[in-house]
Every structure is written in structure tokens, then in C-alpha cells.
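Visitor: Mind having a look at this structure? Questions to follow.
Values in this text are rule-based calculations from the coordinates and carry no lab data. This structure is a prediction, so every number in the text was calculated from the model and none was measured. Please note: Cβ atoms are built from the backbone with ideal geometry, for glycine as well, and neighbour counts cover all protein chains shown.
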Amino acid sequence: MAAGDSAYIKKINRSLIIGKILKEGMISRADLSKITKLTRATISVQVADLLQEELIVESQQEHNTVGRKPIMLSLNRKAGYALGIDLDYKQVTFTLSDLGGNPVKTVVTELMNSNYDEILKLLAKEIRKFDEKCSESRFGLIGVVIGVHGIVSKKEIIDFIPQHKWENKNLKEDLAKELNMNIRIENNANLCSFAEQVYEHHQSENLISISMYSGIGLGVLINGELLKGYHGYAGEMGHMIVVPDGKPCNCGNSGCWELYASEASLFSELENLHQVKNLTYQQVEKFINDHDQLTLNLLAQYIKYLTVGLNNIINLLNPETLVLNSELLKLYPDAIHEIKANLTSSVSHYNELFISDLGKHAAVMGACAFAIKDFLEVPNISLTIEHQS
């Protein structure tokens, strides 16, 4: 066997072993051999390398049976850390996770304006802080992934962010100059769909996540792969026209879906209705619990527009799993029932419909998972959030 072939096979085996350890949480060498179909000798050599690198650790499993306690292998979660960043319209969320995908620190910074250079400096400053915080761990900061609420090309160039009015910005390159580290840029909706599969719906390979906060973003997984399209712009369904000659949108069209079915659009309507500024989720929840009829009427209209778009998406992509990412829908007990009642077409087929448990954390957790996957060099990962801080 050629040296190159041997190195390639060793790399594949390493990836397989790490993936199984990650999936199982804790596993013995014997079980690892059974699951991977690799010989015990191969497992022994690979595990020795991983232990030496401090990427995995050994522990003895507690059990009540007589005999020797099995030595278990698990990922060394504290060996390195991933930084996920959600660059939204009015704020930036930074979440640091361990190698197991558990969040260990979150910082939210308000944005005073949309000035690109100022936000670039802010990002660089905060990333440096996190890099220093992780410096004492074995691998330090293993990756940084930034989710943006706009159009990102396959080359990771920001083509357009409507709310910031950014066009053709190479944030990846600009940050690399400041920080001398590789940073990935991804559409936030894609990160949300990735997070849903990695943390929640492990078995679903055809999944659509719809984020409905400041706008509407669609992340699409087809056969386990993110659907990006020719240039990388697939999924911009928030700018699908649902009301011809409707409300004008920042994108240049009128009647876009996100003007009628995003949380921002409903909050704006409710603020006008109740003559309230800076409406909170708690206030909306009270309106719902008090059976305020004007609020319930607006919610019914909101769900009608939401399901118009959902019908179109289902007919176009035939997903197995639909995940709606909305804090607002969590407050409305009848949300899922009313949405399903509007999805009655005999040609609209989907298997399951959920409201996301990850909520507003989905994008940053998806970003952390992206970084971990890249660092561990595994084809796919399944993670479980044990705690949040």
C-alpha cells in the first residue's frame, strides 16, 4: 500500500472513531470496534493517538456487576472552544461553546448603528477577548463562525444585508487581516437549520428551519446537505411576494412575505394597535392570555400569511421536518393547531411540524457546531446541550 493511501485510510478511520465517540458520549474500545467494524488493533492505535493529543479522555464506568470496570472513552470537551456569532440588525450575540457543543458563555452587544467599519472593529475586539479567554486550553479557540441576516455567496462574501444596507462586503477577509485567523461567514438561517439537525432532529435529513424574527430566513437541508443554489443564495424566501403591490420592502420589491409573517411585522402592528412603544413578549403573552380580541384577530391574520408562505415552500421542497423558529409562536397555545389547519392541501406533504426549542440561540449554536465539525474533521455530528449559561 502506498504511503499516501495509508495516510488517507488512517484519516478516514480517525474521523469515524471521533464521530462515534461524539455520538455515543461514552464508549469502550470493544464497543467502538464493534460499531465501526474496525479491528481492535486499529482502534488501539487510533485511540492512543487521540489520548496523546488530549482530544479524548478515559474514565471508568460505574456499574454494579462483579468484575473489572470497563474503561470508557469520551471527548475532552474542555480541550478547545468554538465561537458562534449572530450578527443581527440591532445586536450581536457571541456564544462560546466547548467541544461538545455546550454553551459556556454568552455576550450580547447592542449595535448603535449599521456602520460597517465600526461593526468590524467591534467584532475584532470581542473575538480577541474570547481568543485570550481560551488560550490556556489544549487547542484554544478552534474556530469562529459568523451568521449574518442577509445574502452570503459560496465564497463567503456578504452580497447584501437589507437592514444594514451592506453590499459586497468581504467581512471574512477584513477580519482575517485584523485577527490573523480563519473565520467562516454563513447565512444565519442555514446555521439555524444545521443546529436543528445537530441538536434536536438527528434523524431528519430533509429539514427546513424558518426563522421569523427581524425578517424571515429559510435554511434548507436536503439529504443532509445545506441547499445553497448556484451562487449560494437559495432560501431567500422572506422576499417571496405574497401580496402583489403590498407593503414596500428594503429589497426593492413590494408585498414580501417577511413584511407580513415576521415577528417584527406583527410587533409593529400590535404597537400601533395598542399605542405602545417597544412592546415585549411578556406584554404580548398577557394580551393573548387575557383573550384580547384585537390581538387575537391580528394573530389570526399573521398565521394566515405565514401559512401562505409555508404552503408554497412545502409544495416546492417536500420536507420531512418543518421547524418554525419563533418566540412569539411559543406564547400562543393554539399556534401549531391553527397552522396545521391551514395546511390542508392534498398536494402539500410534510411529515412533522415543530416550534423550535433552540429559539433565538439556534443561529449561534449552529455556528458553534459548524466550527466543531470543521475542527474534528467529521462528516456529520450529533450534539446534546447539557446546560446553558
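Visitor: Once whole DSSP H runs in the chain are found, which of them have Cα atoms spread over 27 Å or more along the helix axis and a mean Kyte-Doolittle score of at least 0.5?
Guide: Values: long enough: 3-24 (32 Å, -0.03); 293-317 (35 Å, 0.82).
Sorted by number, the helices that extend far enough and score high enough are 293-317.
Visitor: Within 11 Å, Cβ to Cβ, of K78, how many net charges do the neighbouring residues add up to if Lys/Arg are +1 and Asp/Glu are -1? Can you show the working numbers first?
Guide: Working: positive: R77, R138; negative: E54, D98, E136.
Overall, the nearby charge balance is -1.
Visitor: Between Q46, Q197, Q60, where does the largest GNM mean-square fluctuation fall for the chain, given springs only between Cα atoms within less than 10 Å?
Guide: Q60
Visitor: Something else now. I need the peptides 85-96, 158-169 ranked by packing, meaning the mean over residues of other C-beta atoms within 10 angstrom, with the highest value on top.
Guide: On the way: 85-96: 20.1, 158-169: 17.3.
Averaged packing, sorted descending, gives the order 85-96, 158-169.
Visitor: Could you count how many Lys pairs in the stretch 1-104 have their Cα atoms under 30 Å apart, skipping same-chain pairs fewer than 8 positions apart?
Guide: Summing the qualifying lysine pairs gives 24.
Visitor: Right, something else. Hey, in the GNM for the chain with a 10 angstrom Cα cutoff, which one of L51, L316, L191 fluctuates hardest?
Guide: L316
Visitor: Using the Cβ atoms and a cut-off under 13 Å, what net charge is assigned to the surroundings of N253, where Lys and Arg are +1 and Asp and Glu are -1? Walk me through the numbers before you get to the answer.
Guide: Working: positive: K247; negative: E236, D245, E258.
Result for the local shell: -2.
Visitor: I would also like to ask the following. When ranked by the protection proxy of mean other Cβ atoms within 10 Å per residue, highest first, what sequence do the peptides 133-146, 288-301, 201-214, 327-340 form?
Guide: Numbers: 133-146: 18.3, 288-301: 13.9, 201-214: 21.6, 327-340: 16.4.
Packing proxy ranking, top to bottom: 201-214, 133-146, 327-340, 288-301.
Visitor: Given the options A189, A264, A82, which has the most mean-square fluctuation in a GNM of the chain, springs set between C-alpha atoms less than 10 angstrom apart?
Guide: Among A189, A264, A82, the largest mean-square fluctuation in the Gaussian network model of the chain belongs to A264.
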